[in-house]
Each structure stands twice: as C-alpha cells, then as structure tokens.
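Working notes for the structure below.
The values are calculated or read from the model by the stated rules, or taken from the named source; none is laboratory data. The shown structure was predicted, so the numbers you read here are calculated from the model rather than taken from an experiment. Backbone-built Cβ (ideal geometry, glycine too); neighbour counts: all protein chains shown.
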Amino acid sequence: MNTVTRSVVTGVGGYLPDEVVTNDDLAKFVDTTDDWIVERTGIHARHRAAPEQAVSDLALVAAQRALAAAGRTAAEVDLIVVGTTTPDLTFPATATIVQRKLGAPIGVAFDVQAVCSGFVYALSVADGFVARGRSRCALVIGAETMTRLMDWTDRGTCVLFGDGAGAVVLEPGEGKGDTDDRGVLGFALRADGTKQDLLYVDGGVSTSGDIGKLRMQGNQVFRHAVVNISEAVLAAAADAGVDVADVDWFIPHQANQRILEGVAKRLGIDPAKVVSTVATHANTSAASIPLAMDQAIADGRIKPGQLLLLEAMGGGLTWGACVVRL
Ligand code: UT7
C-alpha cells in the first residue's frame, strides 16, 4: 500500500511572561476604560515581558515545553522556524538565537515575518521540509514582544496587544493519504500588499533607522478580517478535503472576540468549538495560535486524533488558514 509522509504535531508548548497588565492598569495612563476594552474586544488582561526578557527567551521556554511534550531532546532538532515580528536583533534571526540557547547543535534555523499570520506561514514552511523528508524533528515557534512596539499614547492600539510564545514539534509520520491521517492536511495562505497602510510599523532598518511604533486603522482591518479569513478557511478545508463542519476545534488568531465570533458565525461553526484566549492573552500576534492550542490541550479539550482548523490575519495584509489532525 502506498503511504504519504505527513508532518505530524507531536508536542505543543507555551510560555507567558509573569507580569499581568489589566485594563484598569492601562486606564491609569491612557484615556480608556475596562468597559470599553471588554465590550469592543473581549480583552480583560495581557502579559508583558520583563525588560530583560528578549523574544528568544520567551521562545526558548515554549520550545523546551513542546519538546518535552513530544518526548524529544534539543539534540534531535534539525529545523527551527520562528514566526516573529519583534526579533531580538535585526540579525541574526531569532531562530538561530533560540538554536544556541536551546543547545540544538544541528540543522537549519530562520525566521518568517508575516506578523499575526506568522505561525500559519511558519507551519506551512516547516511542513514543506518535514513532509519532503528534509527534517526529522522541527520546531515551529510563534513568539512576540508586541508591547515593545506600542505607542502608549494611542488608545486605539496599545490596549490590544500582549507578549508570549507558543511552539509545536513537527515530525514525519506515514499516512494513507486520506483525511484520517494525523498531521498537516491542508493550507491556504494569502497576502495583499496594497493594504499596508491599514496595519504597519512606522520604522525600520532601511527607512527611519529605528524600530518604530505599530499603527493601525482598526475598524478597516476589522472589516477585511471576517470576509478574508472566511475565504481562506474554506480554501484550506478544500485543500485538506474536509468540510468545515467536520472540524473538532477552531483555533483562530486571537485579535478580537468579535472577529472570532463573526468568522465562526459566517462559517456556521458552533461557538462551543471555538478556542478563545483573547480575554487573558490579548493579541500576541504570531504566538496566539500555538498558545491557544497549548491551553486547550492542557485543559483537556483538544485530544489526539481531533481535527483542528487554525486561521490568522495580520499586517501586510497577510492571512491564511491550516487544517491539522492532531
Ligand atoms: O492582529 C492583527 C489584526 N488586528 C485586528 O484584527 C484588529 C481589528 N480591529 C479591531 O479589533 C477593532 O477595530 C478595534 C478594537 C481596534 C476598535 O474597535 P471599533 O469598534 O472598530 O472602534 P473604532 O476604531 O471605530 O472607534 C470607535 C470609538 C472612537 O471614538 P469616536 O471617534 O467614535 O469618538 C475611538 O476613538 O472608540 C474610540 N476608541 C476608544 N475608546 C476608549 C478607540 N480605542 C479606544 C479605547 N478606549 N481603547
């Protein structure tokens, strides 16, 4: 019988920095209220990295936890892909810094920059290595220190973001080539560079020479989000050969509770199947999906063998979706 090599998620891990910043904490220095933030976004609190913590430090702990869950060691890791928009340094890639701190002596390491879609993009890139036999043990990490990009006088953005990291281990597994196979089953990735002005950072190496601050036309992004994400979800489901109705858990990028609910409603997804961490994590950009996976696995909701649908949208604009059987 012919078999197909799939990239199987064998371990998931997450890390959130200790400091919790509530909406009331923010209301002390920016013109906002807990009521407004909760009603418009569903966010109650977010975590903030300590000044001495770099994004690679967050990524390192998430990676170590994912490896422990997979029963693998750093010595076995031959590929590290980090989705981040807040790297430690302009170069080298955060992935190579994680490689060094992890003590992973072999293989390939690089970053993927697709902002909030970074994890979905990174997963698709790593899937290309693992499913083609070019990696036996890959770490795919979404890690962000978004609070470092905030303009703390802009109430339209600074209340929305938080810091954190999530990671998965991908290993090759043989499947029959049908939708019962464990592993990554399908993808849809999208980008539209004409929408840059809706969500971007106003600084960079070859322009201002500084890191800049995050700028967003929130209501415009919101308008694009529900429509674009829904199209990508349907395309990823078609790529995998599954119906959205067959999905056990819908794990969206955690930007806004109203977007999560809007997408679920448009696609006819039962709200009880939607994993939401936005209330306590806020928007952790590329980290939000693996952090949500980690939480729902840890609390016993997500079980091995279940069908997961991941989706995200962010600056670029970029967006995409991915179907995975755990
Ligand atoms: O992960 C990347 C993708 N990002 C997203 O998906 C974010 C998408 N956008 C959103 O989540 C929402 O658009 C926001 C939460 C950012 C804003 O919610 P909104 O319902 O779209 O509000 P708005 O931007 O249309 O602003 C409505 C009002 C404005 O006041 P006026 O002009 O009507 O007087 C804002 O100034 O709310 C005001 N406002 C605030 N008020 C209190 C904006 N931010 C705040 C705030 N506290 N923090």
Practice prompt. With a cut-off of at least 1 residues that are within 26 Å of residue 6 (Cα to Cα), name the helices (runs of 4 or more DSSP H) lying wholly within segment 223-326.
Written response: 288-298
Worksheet item: Within segment 67-83, is there a residue that is at positive phi, more than 16 Å from the ligand (Cβ to nearest atom), surrounded by fewer than 19 Cβ atoms within 10 Å (Cβ to Cβ) and in the same structural domain as residue 158 (by TED's automatic domain parsing)?
Response: yes
Fill in: Single condition residue 7 does not satisfy, out of (1) over 30 Å from residue 132 (Cβ atoms); (2) more than 16 Å from the ligand (Cβ to nearest atom); (3) of a type outside the set (Val, Ile, Thr); (4) surrounded by 14 or more Cβ atoms within 10 Å (Cβ to Cβ)
(1)
Worksheet item: Restricting attention to segment 220-233, which residues are surrounded by 16 or more Cβ atoms within 10 Å (Cβ to Cβ) and under 12 Å from residue 321 (Cα atoms)?
Response: 228, 229, 230, 232, 233
Worksheet item: From the residues in segment 179-202 that are away from the ligand (no atom under 15 Å from the Cβ) and exposed (fewer than 15 other Cβ atoms within 10 Å of the Cβ), which one is nearest to residue 160 (Cα to Cα)?
Response: 202
Worksheet item: So which residues in segment 111-138 are of a type outside the set (A, V, I, L, M, F, W, C) and more than 16 Å from the ligand (Cβ to nearest atom)?
Response: 111, 124, 127, 128, 132, 133, 134, 135, 136
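This table checks each residue for (1) out of contact with any helix residue (DSSP H, G or I) (no Cβ under 9 Å at 6 or more places or on another chain); (2) under 12 Å from residue 117 (Cβ atoms); (3) away from the ligand (no atom under 16 Å from the Cβ).
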position	(1), (2), (3)
270	no, no, yes
274	no, no, no
278	no, no, no
291	no, no, no
294	no, no, yes
301	no, no, yes
313	no, yes, no
319	no, yes, no
Item to complete: Determine, yes or no, whether residue 207 is within 14 Å of the ligand (Cβ to nearest atom) and either of a type in the set (A, V, I, L, M, F, W, C) or not assigned by TED's automatic domain parsing to the domain that holds residue 115 (or both).
Response: no
Worksheet item: Quick one: residue 52 ticks every box in (1) in contact with a Lys or Arg (Cβ under 9 Å, 6 or more places away or on another chain); (2) surrounded by fewer than 20 Cβ atoms within 10 Å (Cβ to Cβ); (3) acidic (Asp, Glu) bar one, so which box is it?
Response: (1)
Item to complete: Could you tell me whether residue 254 is over 20 Å from residue 306 (Cα atoms) and near the ligand (Cβ under 9 Å from one of its atoms)?
Response: yes
Fill in: Entirely in segment 67-172, the helices (runs of 4 or more DSSP H) that have 2 or more residues that are of a type outside the set (Asp, Glu) and in contact with a Gly (Cβ under 9 Å, 6 or more places away or on another chain)
118-131, 155-158
